[in-house]
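Reviewing the structure listed below.
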Amino acid sequence: DWTMGAYREEAIKKIREQVGDAKVICGLSGGVDSSVAAALLHEAIGDQLTCVFVDHGLLRLNEAEEVVTMFRDHMNLQVIHAQEQELFLGELEGVSDPETKRKIIGKLFIDVFQKYADQIEGAQFLAQGTLYPDVIESVSFSGGPSVTIKSHHNVGGLPEKMGLKLVEPLRELFKDEVRALGHELGLPASFIGRHPFPGPGLAIRCPGEITREKLEILRKADAVYIDQIRKHGLYDDIWQAFVAILPVRTVGVMGDGRTYDYACALRAVTSVDGMTADYYPFSHEFLGETATRIINEVKGINRCTYDITSKPPGTIEWE
Ligand code: XMP
């Protein structure tokens, strides 16, 4: 795409002008926005860039390894893999209130990010994958509803606190343009087309108390579900799909034995911007096959439901 080719050259030039030979830190989440921002910055300033990938223990199966391997080994970026699972899961122990979970995770995220950023000597800039809609949204928020539905964690205020200047190379772009730019920069299609994944991760897909056991079960179930969706060629038709593990055990029968295991809910929605959403109309055949696979392949789950709530009145995530 010639437009993106031109944008890329222009963006690289601007980054070099802004940054000079200072060092830049970038939070890498593995999502499309931060991935494209990191790839673009790397192309512009090479090893002046260090990325910090915070592993809070609430990631999906193999996710941390995939992200770190791709950026470090295949794209040659300097990536710090912050292994902070113990810290996050420790602080979340016994917590079941959704807003409390979000606040704990948001606060720790900032603490951890700051801790690692402080180790990068001479850093003067913090890069963020802010998009144009994010810029607009934060402006319109001030006149928007005064009720907080969910506290999103973000790193607003962090740059000033750390004495860093912001670099936001995607500020003029919409999501589809970011994807085009990612493609232009050579990021694999599997990364560019990824469904969104929330900052608080699996914590908000595990209503009630978060335990390592539940997270383990959830990761396996989610992997089977996404595998099914890919195998049926549905991944790109869906905005977001995931499993939530429910805080309830139910009785089942398998072989000639009684089971007493967790129930789970499958979620899949279509959406344009995440603000409203419809549940995805899977065929009964797909749902039946997927439920059977999850129950057979994932120890700890013996019941599967499909969430057919739209947004509004529901939200996409369960918490
Ligand atoms: P809800 O559940 O509010 O989600 O309908 C709308 C979209 O936002 C994502 N989401 C988040 N993303 N930090 C994020 O980066 C968050 O705290 C957060 N909470 C929800 C959600 O996955 C969906 O795409």
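Evaluate the following for residue 217: is it surrounded by 19 or more Cβ atoms within 10 Å (Cβ to Cβ) and within 18 Å of the chain's Cα centre (by Cα)? Give the derivation first.
Numbers: surrounded by 19 or more Cβ atoms within 10 Å (Cβ to Cβ): yes; within 18 Å of the chain's Cα centre (by Cα): no.
No, not satisfied.
When you check residue 36 against the structure, is it in contact (Cβ under 8 Å) with a residue 40 or more places away in the chain, within 15 Å of the chain's Cα centre (by Cα) and crowded, with 20+ Cβ neighbours inside 10 Å, yes or no? Working first, answer last.
Working: in contact (Cβ under 8 Å) with a residue 40 or more places away in the chain: yes; within 15 Å of the chain's Cα centre (by Cα): yes; crowded, with 20+ Cβ neighbours inside 10 Å: yes.
Spelling it out, residue 36 is indeed in contact (Cβ under 8 Å) with a residue 40 or more places away in the chain, within 15 Å of the chain's Cα centre (by Cα) and crowded, with 20+ Cβ neighbours inside 10 Å.
Name every residue in the range 17-55 that is in a helix (DSSP H, G or I) and either within 16 Å of residue 70 (Cβ to Cβ) or among the basic types (Lys, Arg) (or both), in order of residue number.
At the first step, the residues of the range 17-55 found to be in a helix (DSSP H, G or I) are 17-19, 32-48.
Within the range 17-55, 32, 33, 34, 35, 36, 37, 38, 39, 40, 41, 42, 43 qualify.
Inside the range 217-259, can you point out the residues that are free of Cβ contacts under 8 Å to residues at least 24 places away in the same chain and not β-branched (Val, Ile, Thr)?
Matches in the range 217-259: 227, 230, 231, 233, 249, 255, 256, 257, 258.
Which one of the conditions (1) surrounded by 18 or more Cβ atoms within 10 Å (Cβ to Cβ); (2) more than 30 Å from residue 220 (Cβ to Cβ); (3) aliphatic (A, V, I, L, M); (4) modelled with pLDDT of 95 or more does residue 12 fail to meet, given that it meets all the rest?
That leaves (1) as the condition not met.
So in the range 147-167, with the set limited to residues that are touching a residue at least 40 places away in the same chain (Cβ under 8 Å) and more than 16 Å from the ligand (Cβ to nearest atom), which one is surrounded by the fewest Cβ atoms within 10 Å (Cβ to Cβ)?
Among them, the one singled out is 161.
At least 3 residues that are farther than 23 Å from residue 56 by Cβ and at pLDDT below 95 in each: list the helices (runs of 4 or more DSSP H) lying fully within the range 88-178 that qualify.
Details: elements: 98-118, 132-140, 158-161.
Result: 132-140.
For the range 270-313, enumerate the residues that are within 16 Å of the ligand (Cβ to nearest atom), touching a residue at least 24 places away in the same chain (Cβ under 8 Å) and over 19 Å from the mean Cα position of the chain (by Cα).
278, 279, 280, 307, 308, 309, 310, 311, 312
Just name the residue that is farthest from the ligand (Cβ to nearest atom) out of those in the range 215-262 that are of a type in the set (D, E, K, R) and in a strand (DSSP E or B). Before you say what the answer is, go through the steps one by one.
Taking the range 215-262 and keeping what is of a type in the set (D, E, K, R), we get 216, 219-220, 222, 227, 230-231, 236-237, 249, 256, 258, 261.
Checking which are in a strand (DSSP E or B) leaves us with 249, 258, 261.
Values: 249: 25, 258: 35, 261: 26 Å.
The selected residue is 258.
Pull up the range 193-214, narrow it to residues that are part of a helix (DSSP H, G or I) and away from the ligand (no atom under 16 Å from the Cβ), then point me to the one that is nearest to residue 28 (Cα to Cα).
First, the residues of the range 193-214 that are part of a helix (DSSP H, G or I): 201-205, 212-214.
Within this subset, residues satisfying the condition of being away from the ligand (no atom under 16 Å from the Cβ) are 212-214.
Details: 212: 24, 213: 27, 214: 26 Å.
Looking at the filtered set, the residue picked out is 212.
If you go through the range 96-117, how many residues are more than 13 Å from the ligand (Cβ to nearest atom) and touching a residue at least 60 places away in the same chain (Cβ under 8 Å)?
4
The values are calculated or read from the model by the stated rules, or taken from the named source; none is laboratory data. Everything quoted here is computed from the prediction, not taken from an experiment. Neighbour counts run over all protein chains shown; Cβ positions are idealised from the backbone, glycine included.
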